[in-house]
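**Student:** Below is one structure. I have some questions about it.
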Amino acid sequence: MTESDGGSGAKRASITDVAALAGVSQGTVSNVLNHPERVAARTRDKVEQAIAQLEFSPHGPARSLASGSTRALGLVLSDLSNSLFVDIARGVERIAAEHEAFVLMANTDSDLERERRYLAAFAATQTMGTLVTINDASHYRALADGYRVGRPLVFLNYRGGDGTHCAVHTDNYEGGRLAARHLVEIGRKRLALVGGPESLQPVADRCRGFQDEAGSLLAESVAREDVGELNRAYGWSAGRALLSRIERGEIDAIFAIADLVAAGVAQALSGAGVRIPEDVAIVGYDDNRASWDSPLPLTTIRQPGEGMGAAGANLVFEELHDPYHEHRMVHLAPTLVVRRSTVASP
């Protein structure tokens with residue numbers, strides 16, 4: 001089988017032609033081209049003779065495909081409307097560029113079937129490895145069990161696993177503790193938690209950390225109002241639900257499980273005449289655009305999104321190049337970022 005060489009009408013030999021002439025597999029030809037040390041000298045000679053006879057000259061993409069991968073990483077992101085995932089992409093791209101590779105990117109809106117399809121698409125494209133952001137244990141199990149590609153697969157924004165793949169996550173439990181500690185340290189004791197779906201691992205960890213730390217610091221109460229989705233509209237509804245208790249002085253601080261939710265809470269309360277932070281202090285989580293690009297900048301718990309992406313990409317290249325690589329989980333620390341929603345400007 002031969003391939004057309006541009007529009008000249010000439011035919012260019014393919015790797016299939018070389019393998020047939022040499023009497024070896026295409027994989028052996030691939031190794032001769034890319035990893036000659038793996039091939040016995042006699043076999044290598046046969047392949048090299050076939051290459052010379054056919055005047056076979058693979059171009060860059062062909063060589064990449066012959067070696068079993070393109071110079072690219074696949075990156076499957078949960079939600080590109082959330083700037084956390086944009087930061088993760090920046091981190092992956094930075095490390096890929098250091099290795100003279102590029103990134104193929106996909107957005108799934110946390111839909112499992114789309115995650116599966118994109119993993120399969122990147123496998124068919126023969127990327128060097130794939131990184132995927134998830135927040136649900138059932139997604140991990142489905143994706144990890146179904147992955148049979150033989151190239152690195154790294155999970156981001158996820159804690160846990162069974163040791164069959166590497167993972168990188170922020171310590172969300174500690175992040176929840178940071179939020180509670182900050183509110184108590186600025187003199188708030190009547191705390192409320194705006195939580196979310198407990199099926200989302202980061203949400204469950206943040207809620208647990210917040211409640212545990214608030215209890216250990218002897219906060220007077222931890223009220224709770226849960227939202228169905230992590231967006232501004234649900235946050236607004238939660239703010240309205242808490243309004244009467246804030247007006248009666250029963251709540252003086254709120255920890256919202258995500259910045260988008262916190263922004264909605266703040267909008268609902270300020271629109272009703274509640275002073276932030278004088279009447280109620282608000283802390284969000286993520287340090288995405290909703291926290292800093294708003295009329296009232298939000299105190300938040302920062303996730304190192306770029307660091308998460310960079311750490312995940314480094315794990316891919318480590319697994320590719322280190323014969324002694326062992327799968328592991330990388331823990332990153334969150335940090336508190338104080339803004340006007342908890343500490344008023346002088």
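**Student:** Return the pair list, or none, for Cβ contacts closer than 7 Å from residues in segment 209-230 that are more than 22 Å from N135 (Cβ to Cβ) to residues that are in a loop (DSSP other than H, G, I, E, B) and modelled with pLDDT of 90 or more, at least 6 apart or on different chains.
**Tutor:** What qualifies is A219/K189; E220/K189; A223/I251.
**Student:** From I251, I246, which residue is assigned to a helix (DSSP H, G or I), more than 32 Å from the chain's Cα centre (by Cα) and of a type in the set (A, V, I, L, M, F, W, C)?
**Tutor:** I246
**Student:** Looking only at strands (runs of 3 or more DSSP E) that fall completely inside segment 277-344, which ones have 1 or more residues that are of a type in the set (D, E, K, R) and modelled with pLDDT of 90 or more?
**Tutor:** Filter on segment 277-344 gives 281-286, 299-302.
**Student:** Taking E319, is it farther than 21 Å from T170 by Cβ, crowded, with 19+ Cβ neighbours inside 10 Å and not assigned by TED's automatic domain parsing to the domain that holds A238?
**Tutor:** Here the answer is yes, as E319 does meet what is asked.
**Student:** Tally up the residues in segment 1-40 that are at pLDDT below 75 and either of a type in the set (G, A, S) or in a loop (DSSP other than H, G, I, E, B) (or both), please.
**Tutor:** Counting residues in segment 1-40 that are at pLDDT below 75 and either of a type in the set (G, A, S) or in a loop (DSSP other than H, G, I, E, B) (or both) gives 10.
**Student:** Pick from segment 274-316 the residues that are surrounded by fewer than 24 Cβ atoms within 10 Å (Cβ to Cβ) and of a type in the set (V, I, T): which of them is nearest to P334 (Cα to Cα)?
**Tutor:** I276
**Student:** Name the residues in segment 148-167 that are closer than 21 Å to S110 by Cβ and either among the charged types (D, E, K, R) or not assigned by TED's automatic domain parsing to the domain that holds V86 (or both), would you?
**Tutor:** R159
**Student:** Also, I was wondering about something else. Does T299 meet the test of being closer than 30 Å to A96 by Cβ and of a type in the set (S, T, Y)?
**Tutor:** In short, no.
**Student:** Is it the case that segment 93-116 has a residue that's in contact (Cβ under 8 Å) with a residue 12 or more places away in the chain and under 30 Å from T342 (Cα atoms)?
**Tutor:** No, segment 93-116 contains no residue that is in contact (Cβ under 8 Å) with a residue 12 or more places away in the chain and under 30 Å from T342 (Cα atoms).
**Student:** Kindly evaluate E220 against the criterion of being of a type outside the set (A, V, I, L, M, F, W, C), surrounded by fewer than 19 Cβ atoms within 10 Å (Cβ to Cβ) and at pLDDT below 90.
**Tutor:** Spelling it out, E220 is indeed of a type outside the set (A, V, I, L, M, F, W, C), surrounded by fewer than 19 Cβ atoms within 10 Å (Cβ to Cβ) and at pLDDT below 90.
**Student:** What are the pairs with Cβ atoms under 9 angstrom where one residue, in segment 292-312, is touching a residue at least 40 places away in the same chain (Cβ under 8 Å) and in the same structural domain as H99 (by TED's automatic domain parsing) and the other, located anywhere, is aromatic (F, W, Y) and in a loop (DSSP other than H, G, I, E, B)? Sequence gap at least six, or different chains.
**Tutor:** Between residues of segment 292-312 that are touching a residue at least 40 places away in the same chain (Cβ under 8 Å) and in the same structural domain as H99 (by TED's automatic domain parsing) and residues that are aromatic (F, W, Y) and in a loop (DSSP other than H, G, I, E, B), there is no close pair.
**Student:** Go through (1) in contact with an Asp or Glu (Cβ under 9 Å, 6 or more places away or on another chain); (2) without any contact (Cβ under 8 Å) to a residue 60 or more places away in the chain; (3) surrounded by fewer than 21 Cβ atoms within 10 Å (Cβ to Cβ) one by one and return the number of the condition V132 breaks.
**Tutor:** All conditions pass for V132, except number (3).
**Student:** Inspect all residues belonging to segment 106-116 and state whether any of them is surrounded by 20 or more Cβ atoms within 10 Å (Cβ to Cβ) and at pLDDT 95 or above.
**Tutor:** Among the residues of segment 106-116, not one is surrounded by 20 or more Cβ atoms within 10 Å (Cβ to Cβ) and at pLDDT 95 or above, which makes the answer no.
**Student:** Take the residues in segment 184-230 that are hydroxyl-bearing (S, T, Y) and not in a strand (DSSP E or B); name whichever of them is nearest to E278 (Cα to Cα).
**Tutor:** Among them, the one singled out is S216.
**Student:** Regarding V265, is this residue at pLDDT 95 or above, crowded, with 24+ Cβ neighbours inside 10 Å, farther than 11 Å from L84 by Cβ and assigned by TED's automatic domain parsing to the domain that holds E229?
**Tutor:** Taking the combined requirement at face value, the residue satisfies it.
**Student:** On to the next question. Pairs needed: first member in segment 6-21, outside the structural domain of Q49 (by TED's automatic domain parsing); second member anywhere, at pLDDT 80 or above and crowded, with 18+ Cβ neighbours inside 10 Å; C-beta distance under 8 Å; at least 6 residues apart or different chains.
**Tutor:** none
**Student:** Still on this model: Assess whether L191 counts as being surrounded by 15 or more Cβ atoms within 10 Å (Cβ to Cβ) and of a type outside the set (S, T, Y).
**Tutor:** It is true that L191 is surrounded by 15 or more Cβ atoms within 10 Å (Cβ to Cβ) and of a type outside the set (S, T, Y).
The values are calculated or read from the model by the stated rules, or taken from the named source; none is laboratory data. Source: prediction; values computed, not measured. A quick note on method: Cβ atoms are made from the backbone with ideal geometry, for glycine too, and the neighbour counts reach across all protein chains shown.
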